[in-house]
Amino acid sequence: ESIADAQKASFKARSADAFDDDDYDSSNRKKWCNEGIWKYSTHPNYLGESIFWIGTYLGGIGATENVMQRLISSVGLAGILSVMKSSAGRLSASQWKNYKDDPEFVRFREATSILGPKYATTPLSMA
């Protein structure tokens, strides 16, 4: 999570001084970040948090002594992941509102699920 935050902060702070392009906007502050881990996931922080909780669950499930403890642990994990997914969904709606006119963002969203890259479910056509 901290790596994603640092990458986004660096991107947003970068200005036109770093580029020789006269048409370049003087600030990335209002642009969609598409560098580092952000080019693979629209919500790397939620992805990292979800992976943390799944790992915690898997690491601790072996310490449970009965079915009831496993059930409570599983319901807890499902609740946490549900909160993560709904929060990421709300943030996705906000991102869409801000960046829907950016063709690169639209292509990215078509190729990416809420938490990470989409995987092809059908064979790619041969060109």
From the option list Ile72, Ile80, single residue qualifying as under 22 Å from Ala4 (Cβ atoms) and open to solvent by 40 Å² or more (accessible area, probe 1.4 Å) is Ile80
Taking region 1-11 and keeping only residues that are open to solvent by 40 Å² or more (accessible area, probe 1.4 Å) and either outside any loop (DSSP other than H, G, I, E, B) or modelled with pLDDT of 85 or more (or both), one is left with Ser2, Ile3, Asp5, Ala6, Gln7, Lys8, Ala9, Ser10
Checked region 34-80 for anything over 21 Å from the mean Cα position of the chain (by Cα) and small (Gly, Ala, Ser); matches are Gly59, Gly60, Gly62, Ala63, Ser73, Ser74, Gly76
Filtering region 36-93 for residues that are free of Cβ contacts under 8 Å to residues at least 40 places away in the same chain and aromatic (Phe, Trp, Tyr) leaves a count of 4
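The values are calculated or read from the model by the stated rules, or taken from the named source; none is laboratory data. Note that this is a predicted model, so its numbers are computed, not measured. Neighbour counts are summed over all protein chains in view; Cβ atoms, including those assigned to glycine, are modelled from backbone coordinates with ideal geometry. These accessible areas exclude ligands, DNA and RNA; they are computed on the full protein's heavy atoms, side chains included. Shrake-Rupley method; radii C 1.70, N 1.55, O 1.52, S 1.80 Å.
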